[in-house]
Amino acid sequence: MKIWLFCFVLLWTFPIWASEEELRFPSKPIDDLQTFIKTYSSERCADCHEDVYKQWKESYHSRSMVSSIKGITNFFLVGVPKEWEKELTKKEILKCLDCHLPQIKYATERLAIEIAELMITARKAKGAEKEKAIATLSKLNLSCYGCHNIKVASSAPGITGEIDPNVIYTANEDVEAEHETDYHPALKRSVFCMQCHGVYHAPDGESIYCNTLSRSYADNYLGQGGRKSCQECHMYQKNRGHRMPGGHDLEIVKEGIELQAEIQGFRYGVGKWVPAVNVEAFLTNKAGHRVPDG
Amino acid sequence: MDSGKVLHQEKRNYFEIGLDLDGFMRYGAWQIKEIIDLTLQPLKTQHERFFFTLDKGVNKAEIEVNVYYYISGKKGDLIHQAKKVIVFPELE
C-alpha cells in the first residue's frame, strides 16, 4: 500500500516540478550556440501547445533568419563595414536581429558575432558548408519566447512595468498554465507588431527601414478611419492564428485587393469606325496598410 | 480573337521605386530614411483608365484585366482577373 501511494505522489508531482524547471531562462548571456538554440527553441512549447506550434512552424516567423539571409548579410557585408566603415559588433548586429532573432539580446558579444558569421557563411559558402550553416540557422528564429516575453518587454515598458524573463505573457486574460504565465494587453495591440513590422529605431539613433507597414497603418489607415488591428486580419480572421499569413500568402493578398472592371467595346471615329476599347479599372486596397510592402 | 494574337497591352505598376526624395537609389534597409511611394494606399481606390484602338479588320476581341502580385520581383502571381468578349458591330 505504501509503495502504491509513493508511486502516485511521484507521478502527480513530477510534471509540476519538471515544467517549472524547464521554463527557467538564464539571467546571464549565453556563449554557446547549441545551448542558445535549445534555450530559446519553440520546441520547448510544442508538447503542450501542439496546434499553435504547428501554425507557427508554417509562419515566416519560424524562418525569420533563413528567409532573410540575403538582406541581412547585405547589411553585415556592405552596410556596416563599407558604407558606415564600422566593425561588425553586437550593437550593429542587433539592428537586424533584434527583430529577426530577439533572443540575441541574451547572447554574448562573441556568440552574436558567431551567429552573424554563420549567416555570412550561409550566403557565401558553397556545398556542404553552406547547407550546414543554413541547417543551423533554421533552428534560430522568432520563437515563442521572442514574442511572448522579449518583445512584450519592449512594447510599452513605461506603462506595463518590468517584465519577468521567466514569465510567459499571453493575450488571453483567463489563461491557466503549468508554467508561470501572465496576461499582457500589448499582445492584442498593433503597436506590438509595429515594433518590427515598421521602421526599427536603434538605441544609437539609427533607423532601419526594413518595411514601412507600421507608418502606413498608423498614419494612413487609422487616419482615414480604419479601426482594425494587425491581429484581427492576420490572426483572428479565418482562425489564421500563429500562422500569421502576410505578403507571402496569396489568399490574404487576394482578400486585401479588390478589382472592379468595366469593359466596353465600340467603333470610334465617324466614317472610319475603328474598333476601340475602353477599360475602367478600379483597384481598392482593403488592407490596413499600403500594398505591396514588406 | 480566334487568331490568339495579343493585339494590345498596357500596364500600371504599384511599388516602391527605391529612390529617396532627392532621386538617389536606396535599396538597403539601412540606407532608406524616406522613399518615394507608388504603392496602393490603404482604404483608397485607384482608378485606371485604358482607351485604345485596334486594327480595322478586327471584329471580335477578348479583353482581359489581370492583376499580378510580385512578391520577389521575379515571380508574378495572378490574383484577380476580369474578362469580356467584345464583338464590334459592322457599321457602314
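The values are calculated or read from the model by the stated rules, or taken from the named source; none is laboratory data. If you're wondering where the values come from, they're calculated on a predicted model, not measured in any experiment. Note that we place each Cβ from the backbone using ideal geometry, even for glycine, and neighbour counts take in every protein chain shown. Side chains included, ligands, DNA and RNA excluded: accessible areas come from the protein's heavy atoms. Shrake-Rupley method; radii C 1.70, N 1.55, O 1.52, S 1.80 Å.
Hey, could you check the range B:43-60 for residues that are within 7 Å of chain A (Cβ to nearest Cβ) and in contact (Cβ under 8 Å) with a residue 12 or more places away in the chain and say which is most open to solvent (accessible area, probe 1.4 Å)?
Residues of the range B:43-60 within 7 Å of chain A (Cβ to nearest Cβ): B:43-54, B:56, B:58.
Checking which are in contact (Cβ under 8 Å) with a residue 12 or more places away in the chain leaves us with B:46, B:48, B:50, B:52, B:54, B:58.
On the way: B:Gln46: 73, B:Glu48: 25, B:Phe50: 30, B:Phe52: 27, B:Leu54: 15, B:Val58: 22 Å².
Taking the candidates together, the pick is B:Gln46.
Could you list, in sequence order, the residues of the range A:241-284 that are at the interface with chain B (Cβ under 7 Å from one of its Cβ atoms), touching a residue at least 12 places away in the same chain (Cβ under 8 Å), in a strand (DSSP E or B) and not polar (S, T, N, Q)? Give the derivation first.
Restricting attention to the range A:241-284, the residues satisfying the condition of being at the interface with chain B (Cβ under 7 Å from one of its Cβ atoms) are A:247-248, A:250, A:253-254, A:257, A:259, A:261, A:263, A:265, A:267-268, A:273-284.
The next check asks that each one be touching a residue at least 12 places away in the same chain (Cβ under 8 Å); those that pass are A:247-248, A:253, A:257, A:259, A:261, A:263, A:265, A:277-284.
This time we only want the ones that are in a strand (DSSP E or B), so: A:257, A:259, A:261, A:263, A:265, A:277-284.
Listed by number, the residues that qualify are A:Ile257, A:Leu259, A:Ala261, A:Ile263, A:Gly265, A:Val277, A:Val279, A:Glu280, A:Ala281, A:Phe282, A:Leu283.
Let me confirm something: among A:Met244, A:Met235, A:Met194, which residue is on the phi > 0 side of the Ramachandran plot and either crowded, with 17+ Cβ neighbours inside 10 Å or of a type in the set (Val, Ile, Thr) (or both)? Quick ask: steps written out before the conclusion?
Values: A:Met235 fails: on the phi > 0 side of the Ramachandran plot; A:Met194 fails: on the phi > 0 side of the Ramachandran plot.
That would be A:Met244, the only listed residue that is on the phi > 0 side of the Ramachandran plot and either crowded, with 17+ Cβ neighbours inside 10 Å or of a type in the set (Val, Ile, Thr) (or both).
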Considering only residues of the range A:285-294 that are open to solvent by 30 Å² or more (accessible area, probe 1.4 Å), within 7 Å of chain B (Cβ to nearest Cβ) and touching a helix residue (DSSP H, G or I) at 6+ places or on another chain (Cβ under 7 Å), which is farthest from A:Lys228 (Cα to Cα)?
A:Asp293
Please count how many residues of the range B:26-52 are modelled with pLDDT of 95 or more and over 18 Å from the mean Cα position of the chain (by Cα).
2
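For every residue, the table says whether it meets (1) under 24 Å from A:Ala218 (Cα atoms); (2) within 44 Å of the chain's Cα centre (by Cα).
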site: A:Ile252; (1), (2): yes, yes
site: A:Glu255; (1), (2): yes, yes
site: A:Phe266; (1), (2): no, no
site: A:Val274; (1), (2): no, no
site: A:Phe282; (1), (2): no, yes
site: A:Asn285; (1), (2): yes, yes
site: A:His289; (1), (2): yes, yes
Out of all the residues in the range A:90-109, which are open to solvent by less than 40 Å² (accessible area, probe 1.4 Å) and more than 19 Å from the chain's Cα centre (by Cα)?
A:Lys90, A:Glu92, A:Thr108
Tell me yes or no: at least one residue of the range A:165-175 is under 30 Å from A:Leu118 (Cβ atoms), of a type in the set (A, V, I, L, M) and surrounded by fewer than 16 Cβ atoms within 10 Å (Cβ to Cβ).
no
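Kindly indicate the residue of the range A:66-84 that is open to solvent by less than 10 Å² (accessible area, probe 1.4 Å) and farther than 25 Å from A:Ser42 by Cα and also farthest from the other protein chains (Cβ to nearest Cβ) among those meeting that condition.
A:Phe76
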Select, from A:Glu87, A:Glu129, A:Glu117, the only residue that is outside any helix (DSSP H, G or I) and more than 13 Å from chain B (Cβ to nearest Cβ).
A:Glu87
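How many of the residues making up the range A:172-183 are closer than 22 Å to A:Ala46 by Cβ and without any contact (Cβ under 8 Å) to a residue 40 or more places away in the chain?
Looking only at that region, the number is 5.
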Leading residue by the ranking (nearest to the other protein chains (Cβ to nearest Cβ)) among those in the range B:22-42 that are in contact (Cβ under 8 Å) with a residue 12 or more places away in the chain and either on the phi > 0 side of the Ramachandran plot or surrounded by fewer than 16 Cβ atoms within 10 Å (Cβ to Cβ) (or both)
B:Lys33
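Would you be able to say whether some residue in the range A:164-171 is in contact with a helix residue (DSSP H, G or I) (Cβ under 8 Å, 6 or more places away or on another chain), assigned to a helix (DSSP H, G or I) and aromatic (Phe, Trp, Tyr)? Outline the logic, then answer.
Of the range A:164-171, the ones in contact with a helix residue (DSSP H, G or I) (Cβ under 8 Å, 6 or more places away or on another chain) are A:165, A:167-171.
Pick out the ones that are also assigned to a helix (DSSP H, G or I) and you get none.
No; the residues of the range A:164-171 include none that is in contact with a helix residue (DSSP H, G or I) (Cβ under 8 Å, 6 or more places away or on another chain), assigned to a helix (DSSP H, G or I) and aromatic (Phe, Trp, Tyr).
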Restricting attention to the range A:213-236, which residues are more than 12 Å from every other protein chain (Cβ to nearest Cβ) and without any contact (Cβ under 8 Å) to a residue 12 or more places away in the chain?
A:Glu232, A:Met235, A:Tyr236
If we keep just the residues of the range B:61-87 that are at pLDDT below 95 and open to solvent by less than 70 Å² (accessible area, probe 1.4 Å), which is farthest from B:Leu19 (Cα to Cα)?
B:Gly76
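Of everything in the range B:29-66, what is in a loop (DSSP other than H, G, I, E, B), of a type in the set (D, E, K, R) and over 19 Å from B:Ile79 (Cα atoms)? Give them in sequence order. Let's see the steps before the verdict.
Start the filter on the range B:29-66 by keeping residues that are in a loop (DSSP other than H, G, I, E, B), which leaves B:29-36, B:39, B:41-44, B:54-59.
Then drop every residue that is not of a type in the set (D, E, K, R), which leaves B:33-34, B:44, B:55-56.
Once the filter is applied, which keeps residues that are in a loop (DSSP other than H, G, I, E, B), of a type in the set (D, E, K, R) and over 19 Å from B:Ile79 (Cα atoms), the range B:29-66 yields B:Lys33, B:Glu34, B:Asp55, B:Lys56.
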Subset of the range B:1-21 that is aliphatic (A, V, I, L, M) and open to solvent by 70 Å² or more (accessible area, probe 1.4 Å) - its residue that is nearest to B:Tyr68 (Cα to Cα):
B:Val6
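Give the residues of the range B:62-88 that are facing chain A (nearest Cβ under 7 Å) and either more than 12 Å from the chain's Cα centre (by Cα) or touching a residue at least 12 places away in the same chain (Cβ under 8 Å) (or both), sorted by residue number.
So in the range B:62-88, the residues facing chain A (nearest Cβ under 7 Å) come out as B:63, B:65, B:67, B:69, B:71, B:77, B:79-80, B:82, B:84, B:86, B:88.
Correct list: B:Ile63, B:Val65, B:Val67, B:Ile71, B:Asp77, B:Ile79, B:His80, B:Ala82, B:Lys84, B:Ile86, B:Phe88.
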